[in-house]
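Notes follow once the structure below has been shown.
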Amino acid sequence: MSNFTSRTGRPESKALSAAVSAVLATASGAAIAQTEAPPPETALGEVIVTATRRAERLQDVSESISAFDSDAIAMRGLQQMDDIVKYIPGMSLAQREPGGTTLVFRGVAASGTEFGGVPSSALYLDEQPITQGGRNPDPRFIDIERVEALRGPQGTLYGASSQSGTLRVITAKPDPAAFDAWVEGQVTSVSGGSEGYDVSAMINLPLGGDRVALRLVGFAAEDAGYIDNVLSDSPGGTYDNSNVVDEDVNSARTTGGRAALRFDVTDNFDVTLSGIYQGLSTDGHGDLSGDVGDLQQVRFEKESLDDDWYQLALTANASLSFADLVVSASYFDRDFAYEADATDYEASLDSSGFVSYDFGDDPRGFATNNELTEITNFEARLQSNNDAESRWSWLAGVFYSKEESHTEFNSYVRGYPATESFTYFNEYEQNLTGNSLDPTDRWWLGVYDSELEQKALFGEIGFDVTENFTITAGGRWFDYERFFALLQEKPPGFTGASRTDDAVDTSESGSVFKLNLTYRVDDDRMVYATYSEGFRVGGNNPVKPSSILPREFSSDTLTNMEIGAKSEWLDNRLRLNVAAYLMEWDDFAVQIEDPQEDFFQLGYINLPTAEIKGIETEFQFVINDAWQIDGTLGWNEAEVSEATAIVLDPAFDPVFVSAGARLPLTPDWTATLGIEFRPRGQLLNAQPFARLDIAYVGESVTSLAGIQSVINPGDVETLDAYDTGDFRVGLEGEDWSAALFVDNVWDERAQTFLSDRWAVRRESVNRPRTIGLQFRKDF
């Protein structure tokens, strides 16, 4: 977070060393001139958050929360989720190609990735959850008011996908009081890669009478590519990939915009209507092939990815005589599609020896995936006014959500009608029905339709037992209905045993609760203890009739016991927050493969219990009016707490998971250290600044030991620890700013995910060293 506030409303930085002053002076050919302006306050600034559904100082909220306002976002150059995750203890992000993003809080994850599952952590865009299991959208941080990371179960206020935590992206709202506008641009160059750019603009227009305002935002960017598709022979050595060899194949183009109209109907009632659009397009995927050179991959077919989504939202706020009312309705629509090379995958099937996978001599092929998602939400909540005379506070609300999804996955083999596999299935179909299959290169079709409808009543009530001691209790009653239909044909049109056509309905209702005890030692220090619960909805397994996987799996629950302290010292120059937690994850669902030989089927089962414990610490220290340091430290141990042997069928070996098996995707240790520096005086009539951030990410694993999945069917893979550094230096004038930045200063190459999804090792890595220039003009 930023702490000082400059005259322009942007962050007062304090980083690096005294040498930065000399560097700035040398570069400009002029010494830094001292001014008569008084030095800035040597005290920490305040950030207002709405994590508890009401506006409060971050330090007054007795929960483990990290928050980044617009100043902090700008100072660190944060643009999307993978930029911000390293600054949040207890939060991790697994990214696999193509487009698979899994958000994890406090180690609550069971699989490296999941198909058709419900996530344990929620992503909110303003008032709407837009979470999608294993494939979260990634809103660009353009004109963002604040990002809040709520760690631990948020089930009472935020619902099912907030089982272990919630990440909230809150956009800046129209302001009827004043005109405002800015434009910003940057250019970047990636080590070993190409060049990129990012341009954006905002205008806030009061439309008369201080009652109406329109805010418009637009942006376009190209993220530089750095992965090369290199020349290689095919798996069987009969052809090569020369027709698709290219450099920097993972460059990504992003465009988007936002329009928001606010109408202050009265002094006590306002309405905001907003629309947001974002589109992403790439000509390749950013994962490496594990057996070739640095930042290289081998693909035999053209790859691409397109991700387009928009959100429409209406929010009304009313201040009544006895309470505040908030009503929001929103609609989210997403079209996600990719094309991926599947040559290695199909070659591995061809070598299995089964005639159903006899794709001919050295097959070549690709896969396509198209997902359509619609999410509709409605929420209304009534909450007590911030009345200093009352010892009571309360909140009550209703929630409704409906998510509908349609996915079609196709896999192709070039020249498939001429293969033994097609001949086998065609003759089988002729004998079975008298019909012939249509000749096509498509050998696999999967169609998946799902619908999740949720209803909930929720509330919290707080009571000040004394001036310093408060008890808060909350609860949420939920009811959900889930439908999942699956159609799989190998090949399309075949009606024999390899075909799956199934649909299952499930429903469940229940309650989760929360109890918080807070003691305020004084205005600057508090301690708290929390018991909270989170839940994740269960579902169904549409499967082939001969599958031994269960037809349904139950919802799982997370119980959290947490103690924490928030404190400020040395006349508010030092801020220290710490939280320790112990969580139990009961009946947690994990996706596995049906163990039958030559039989592909995915489904979920419930495992008994996992235990998760950890510590999260954040600090900020203003040394003087020029220097500040800040940092975080997180430790997490997430393990299966009891050995389990689940018998799916007596004829097959049980699914065995040993006690102590690590849960995936969460590093054991994380740490950050930031140094900000702002020398007294000015250069070129502007304030110099600099910041250095160092981040450490410890070891993690990609899958749960004992569970065979399409990601890591063999042994559990360990991702090594790594550290990175980001540096930014620049000038800030009254109505402009400029910065030079270097991200990943020492060009650390870190594995962020490993996958055998396509039958060969593919690695996701962090972005190499990136150098950039940024300029902003305010109007």
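The values are calculated or read from the model by the stated rules, or taken from the named source; none is laboratory data. Treat the numbers as computed from the prediction; the structure is a model and nothing was measured. Here the Cβ positions follow ideal geometry from the backbone for every residue, glycine too, while neighbour counts run over all protein chains shown. These area figures cover heavy atoms from the full protein model, side chains too; ligands, DNA and RNA do not enter into them. Shrake-Rupley method; radii C 1.70, N 1.55, O 1.52, S 1.80 Å.
So here's what we get for this one:
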{"quantity": "Extreme residue, surrounded by the fewest Cβ atoms within 10 Å (Cβ to Cβ), among residues of the stretch 587-624 that are among the charged types (D, E, K, R) and modelled with pLDDT of 90 or more", "calculated": "ASP587"}
{"quantity": "Test result for ASP449, assigned to a strand (DSSP E or B) and over 28 Å from TRP392 (Cβ atoms)", "calculated": "yes"}
{"quantity": "Every residue from the stretch 71-88 that is closer than 21 Å to VAL187 by Cα and of a type outside the set (Val, Ile, Thr)", "calculated": "ASP71, ALA72, ALA74, MET75, ARG76, GLY77, LEU78, GLN79, GLN80, MET81, ASP82, ASP83"}
{"quantity": "Any hit, the stretch 471-479, residues being of a type outside the set (Gly, Ala, Ser), modelled with pLDDT of 95 or more, under 23 Å from SER384 (Cβ atoms) and in contact with a Lys or Arg (Cβ under 6 Å, 6 or more places away or on another chain)", "calculated": "no"}
{"quantity": "Residue that is modelled with pLDDT of 95 or more, open to solvent by less than 40 Å² (accessible area, probe 1.4 Å) and farther than 30 Å from THR644 by Cβ, where the choices are PHE727, PHE775, PHE741", "calculated": "PHE741"}
{"quantity": "Residues being open to solvent by 20 Å² or more (accessible area, probe 1.4 Å) and either under 14 Å from LEU314 (Cα atoms) or over 27 Å from the mean Cα position of the chain (by Cα) (or both) - total across the stretch 324-346", "calculated": "7"}
{"quantity": "Residue under evaluation PRO688, criteria (1) within 27 Å of ALA626 (Cα to Cα); (2) touching an Asp or Glu at 6+ places or on another chain (Cβ under 7 Å); (3) buried (at least 21 other Cβ atoms within 10 Å of the Cβ), criterion not met", "calculated": "(2)"}
{"quantity": "The stretch 87-133 - residue that is closer than 27 Å to GLY725 by Cα, polar (S, T, N, Q) and open to solvent by less than 20 Å² (accessible area, probe 1.4 Å) and, of those, modelled with the highest pLDDT", "calculated": "SER92"}
{"quantity": "Identity of the residue in the stretch 347-357, open to solvent by 30 Å² or more (accessible area, probe 1.4 Å) and of a type in the set (S, T, N, Q), that ends up nearest to the chain's Cα centre (by Cα)", "calculated": "SER348"}
{"quantity": "Selection within the stretch 241-259 - farther than 22 Å from ALA224 by Cβ, open to solvent by less than 60 Å² (accessible area, probe 1.4 Å) and in contact with a Leu (Cβ under 7 Å, 6 or more places away or on another chain)", "calculated": "ASN241, ALA259"}
{"quantity": "Pairs, first in a strand (DSSP E or B) in the stretch 129-146, second open to solvent by 20 Å² or more (accessible area, probe 1.4 Å) and not aromatic (Phe, Trp, Tyr), C-beta under 8 Å, six or more apart", "calculated": "PRO129/SER161; ILE144/SER70; GLU145/ASP69; GLU145/SER70; GLU145/LYS173; ARG146/ASP69; ARG146/SER70"}
{"quantity": "Answer residue from the stretch 744-772, given it is over 28 Å from ALA340 (Cβ atoms) and free of Cβ contacts under 8 Å to residues at least 60 places away in the same chain and is least open to solvent (accessible area, probe 1.4 Å) among those", "calculated": "VAL745"}
{"quantity": "PHE513, sole failed condition from (1) open to solvent by less than 40 Å² (accessible area, probe 1.4 Å); (2) outside any loop (DSSP other than H, G, I, E, B)", "calculated": "(1)"}
{"quantity": "Every residue from the stretch 378-390 that is of a type in the set (D, E, K, R) and farther than 22 Å from PHE458 by Cβ", "calculated": "GLU389"}
{"quantity": "Test: residue in the stretch 370-382 that is more than 25 Å from the chain's Cα centre (by Cα), in a strand (DSSP E or B), in contact (Cβ under 8 Å) with a residue 40 or more places away in the chain and more than 30 Å from ILE130 (Cα to Cα)", "calculated": "no"}
{"quantity": "Identity of the residue in the stretch 206-240, of a type in the set (A, V, I, L, M, F, W, C) and open to solvent by 50 Å² or more (accessible area, probe 1.4 Å), that ends up farthest from LEU305 (Cα to Cα)", "calculated": "LEU207"}
{"quantity": "In the stretch 190-205, residue nearest to LEU773 (Cα to Cα) [restricted to those that are open to solvent by less than 30 Å² (accessible area, probe 1.4 Å) and of a type in the set (A, V, I, L, M)]", "calculated": "VAL190"}
{"quantity": "Identity of the residue in the stretch 44-62, in contact with a Lys or Arg (Cβ under 8 Å, 6 or more places away or on another chain) and farther than 22 Å from ASP324 by Cα, that ends up modelled with the highest pLDDT", "calculated": "GLN59"}
{"quantity": "Residue match in the stretch 285-293 (condition: modelled with pLDDT of 95 or more and open to solvent by less than 20 Å² (accessible area, probe 1.4 Å))", "calculated": "no"}
